[in-house]
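Here's the structure we're looking at; comments come further down.
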Amino acid sequence: LMLLTRKLIEVRNILKDIDHESDQLTLPSIVVIGSQSSGKSSVLEAIVGHEFLPKGNNMVTRRPIELTLIHTPAQPGRAAIKDTLVEYAEFPGLGLGRITDFSHVQKTLYDLNMAVPAAECVSDEPIELRIHSPHVPDLTLIDLPGYVQIASMDQPDELRERIQTLCQKYIQEPNIILAVCAADVDLANSPALRASRQVDPLGLRTIGVVTKMDLVPPEVGAAILSNNKYPLSLGYVGVVCKSSLGMFQSAQGHDRAGQGRMASMVTKQESDYFNANREHFKAPARGRNAGVEPMTGTDTLRRRLMTVLEESMGSSLHGIANAVQVELEEASYQFKVQYNDRTITAESYAAETMDALKLRFNQFAAHFGKPEVRALLKHALDEKVMDILAQMYWSDARTPELAQLADARKLAPDQLDKYWQYKLDASSSALTKAGIGRMSTQLVVDAIRTQIEHLARSEPFNHHPEAAERIVAFSSAILRERFGLTADQVENCVKPFKYEVEVEPAEWEAGRQRSVSLVERELDMCDAAFNGIKKLLGGRRLKGAMEYVTHMEERERRRVQARLRAREESADASTDDADDDSNDPTRPDYNSALLIKAREALFLSERSRMLRTRLGSLRSRRCKSGPETKAFCPETFLNIVAEKLTYTAVMFINIELLAEFFYQFPREIDAKLMHHLDADQLKAFARENPAVKKHLDLQTRKQKLEHVAGVIGDLVKVYKQKNTASRWAF
Ligand code: GDP
């Protein structure tokens, strides 16, 4: 049984995936070199039994082809015609699946070669090709670009060098060199032999293949094979394998009665030739090669390759076994130290990630309930109230009257000037009709979005931009879906407040206290801003500038009044003293930036005075007495309106938006993230995280080494038991 080579080819392919520093981990394969037109392709095709290599006058092999031949036992009793069932090629790197039409293989190889840019000449990156067939032995062959003999126009010197470098890389130990030379070219001129002699002077791992035997007289051919001129320990094999149309069909025809053994791929042409010249290729009776028959024919070559490869692999076995053991120990140690032997899978990582996301989401949900939404909305509405107060009351010069009226205690609220009644209604409307539904919903939606974006940006989703995007996208979709409904609900429910707001005495005092502290805060901010300017300009300078601005404003006011009066009294002109600048406190160094600041400071000090008055009023007994004083205390009343709006909004936002979102989000994680990914995508997802990728890589490496160590361990046992040279199943 061809166990060893076959198993070791498997091992070789596994080891190839493991990046390793140790050269010891490389198992030998057969490297095919030869000059262009030496018949290299023809030999390979004869071995495989199919025409599959691209042909052309121009050099077409630009990348190494790593050809793995895998022997699949023919099914007994089945006609050769059914070979297509078990005979196929595949490109593991391309994922094209099984290819049974070998012209398709040829086309694919052609395309892959042509994809190498002309400027690059050749590429180091091998093409992997596997051929499964009952007609092939288990072998690994590497086809390399043919040596260029003569530099020509379209094959520059550079190409020659690059091919040499590439071949040089592959013909190193432990590989076996298949040096292809044409019989009609002097061996002394064979670039393949020349290259092999440099790395393998004794020819211990070089097999010579002499092609085109039919082109020289048989005695000349036989002389070459006699291995006298350039001796190789592994010898020369002579072949005739000119590819011609129909060659392989006829070969298969011969094998109808194949008896489950590998089909003989000797072409008729080849067997005819060696049969016709049998007496030249007999074992010589005398001399160095007495009794040794020269090796001829593709079949012989194939057997020779199998033997040599198996022997070579056999002798590599112990070295490999040790090297694998060393690597395995190292990998196991690292795995223990770094990961405490914890095995992960892409699935487990993804599941953990999703669980972590849900957990963090739940934490957010727990801290973003009614009280938080309430605080959020109340704050926004308080600000809105402050704006309305500033606009309606605090910048109205009559407002201080309210305090006096309130203090006077004389006036009943309904005796109050209609002006104040109206003002209060307008302010309340400005608040209730501000679009509370949309505003409050938007506020909460924005807060949720910010939080989700934060979740999607933080570890480990920073490694998974696509998943992060998806999270943001489906959250936005839920929020968008709930937005309209929620906003409408809220708007509907605050509708009564647009007509009337009833305030209970119990609510009033709480509202009053809240409004006092809000106005206090406003006053603090106002004073702080004023002091800021004062600090910037210096107290004296600011005072001067403020006096100047006041004076100028006063003068302007007087001038306007005078002009109006003049217009009334119809053109009794120029009586005003406004042009008298003599008592003007102008200082020439007041620039416009300074004056702007001064105006601001003026405004702030007026506002500050106003707020103090208002505070006094809000703290007054009159205001404390109850809701019927609302027109005197707009700050308190509006605060209570805002409170009611908030309460209503929170109630509906909680039901329509929050509860829905908190329910749907975790379900969307499962539907849109987890179940959305197939096995490959899951793998890709896990590997996006560098730490996980490292973990997975080491784990895979360890597993592969364990597998390989197991296979090799078994082989070492078998090899020890049956250490005989030929165990072929053919
Ligand atoms: P490569 O460039 O080394 O791959 O060479 P090919 O296999 O393409 O062969 C070059 C040419 O030599 C082709 O025209 C083949 O048909 C021809 N050739 C290959 N082997 C033989 C052979 O054994 N006998 C004869 N007469 N021609 C051959």
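The values are calculated or read from the model by the stated rules, or taken from the named source; none is laboratory data. Everything numeric in this text was worked out from a predicted model, so none of it was measured. Virtual Cβ from ideal backbone geometry, glycine too; neighbours counted across all protein chains shown.
Checking the range 284-292 against the condition returns no match, with no residue being under 17 Å from Leu178 (Cα atoms), at pLDDT below 90, of a type in the set (Val, Ile, Thr) and not in a helix (DSSP H, G or I).
Applying the criterion of at least 1 residues that are more than 16 Å from the ligand (Cβ to nearest atom) and at pLDDT 90 or above to the strands (runs of 3 or more DSSP E) found wholly in the range 163-255 leaves 176-182, 206-211. Beta carbons closer than 7 Å, at least 6 apart along the sequence or on distinct chains, pair a first residue in the range 53-64 that is modelled with pLDDT of 70 or more with a second that is more than 11 Å from the ligand (Cβ to nearest atom) and aromatic (Phe, Trp, Tyr) for Pro54/Tyr110; Pro64/Tyr170. Pairing each residue of the range 161-183 that is charged (D, E, K, R) with any residue that is more than 16 Å from the ligand (Cβ to nearest atom) and modelled with pLDDT under 90, provided the two are 6+ apart or on different chains, yields C-beta distances under 7 Å for Arg162/Cys121. Could you please let me know if Asp19 is closer than 19 Å to Arg205 by Cα, at pLDDT below 85 and either surrounded by fewer than 21 Cβ atoms within 10 Å (Cβ to Cβ) or within 8 Å of the ligand (Cβ to nearest atom) (or both)? Considered against the rule, which asks whether it is closer than 19 Å to Arg205 by Cα, at pLDDT below 85 and either surrounded by fewer than 21 Cβ atoms within 10 Å (Cβ to Cβ) or within 8 Å of the ligand (Cβ to nearest atom) (or both), Asp19 comes out as no.
Quick one: count up the residues across the range 208-230 that are within 19 Å of Arg288 (Cβ to Cβ) and among the aliphatic types (A, V, I, L, M).
The qualifying residues number 6.
With respect to (1) within 38 Å of the chain's Cα centre (by Cα); (2) outside any helix (DSSP H, G or I), the lone exception for Asp396 is condition (1). The set of residues in the range 302-338 being within 38 Å of the chain's Cα centre (by Cα) and either without any contact (Cβ under 8 Å) to a residue 60 or more places away in the chain or over 17 Å from Ile18 (Cα atoms) (or both) consists of Glu329, Glu330, Tyr333, Lys336, Val337, Gln338. Of the candidates Ser332, Ser348, Ser316, the single residue that is surrounded by 15 or more Cβ atoms within 10 Å (Cβ to Cβ), among the polar types (S, T, N, Q), modelled with pLDDT of 90 or more and more than 30 Å from Glu270 (Cβ to Cβ) is Ser332.
Rundown of residues vs (1) in a loop (DSSP other than H, G, I, E, B); (2) over 35 Å from the mean Cα position of the chain (by Cα); (3) modelled with pLDDT under 90, yes/no style:
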{"position": "Ala74", "(1), (2), (3)": "yes, yes, yes"}
{"position": "Gly77", "(1), (2), (3)": "yes, yes, yes"}
{"position": "Ala89", "(1), (2), (3)": "no, no, no"}
{"position": "Leu94", "(1), (2), (3)": "yes, no, yes"}
{"position": "Gly97", "(1), (2), (3)": "yes, no, yes"}
{"position": "Val105", "(1), (2), (3)": "no, no, no"}
{"position": "Asn113", "(1), (2), (3)": "no, no, yes"}
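Mind counting the residues in the range 656-678 that are without any contact (Cβ under 8 Å) to a residue 24 or more places away in the chain and either crowded, with 16+ Cβ neighbours inside 10 Å or among the hydrophobic types (A, V, I, L, M, F, W, C) (or both)? The qualifying residues number 2. Sub-8 Å Cβ pairs linking a first residue in the range 207-224 that is without any contact (Cβ under 8 Å) to a residue 40 or more places away in the chain and aliphatic (A, V, I, L, M) to a second residue that is away from the ligand (no atom under 13 Å from the Cβ) and part of a strand (DSSP E or B), at least 6 apart or interchain, are Val210/Tyr236, ordered by first then second residue. Within the range 263-312, the set of residues being away from the ligand (no atom under 16 Å from the Cβ) and among the β-branched types (Val, Ile, Thr) comprises Val292, Thr307, Val308.
Listed conditions (1) charged (D, E, K, R); (2) at pLDDT below 85; (3) exposed (fewer than 13 other Cβ atoms within 10 Å of the Cβ) are all met by Asp83, apart from (3). Set side by side, the residues Lys644, Lys704 differ, and just one is charged (D, E, K, R) and over 25 Å from Met439 (Cβ atoms), which is Lys704.
Within the range 148-157, is there a residue that is closer than 26 Å to Ser190 by Cα, buried (at least 18 other Cβ atoms within 10 Å of the Cβ) and modelled with pLDDT of 90 or more? Checking the range 148-157: not a single residue is closer than 26 Å to Ser190 by Cα, buried (at least 18 other Cβ atoms within 10 Å of the Cβ) and modelled with pLDDT of 90 or more. One residue alone among Gln421, Gln442 is part of a helix (DSSP H, G or I) and modelled with pLDDT under 95, and that residue is Gln421.
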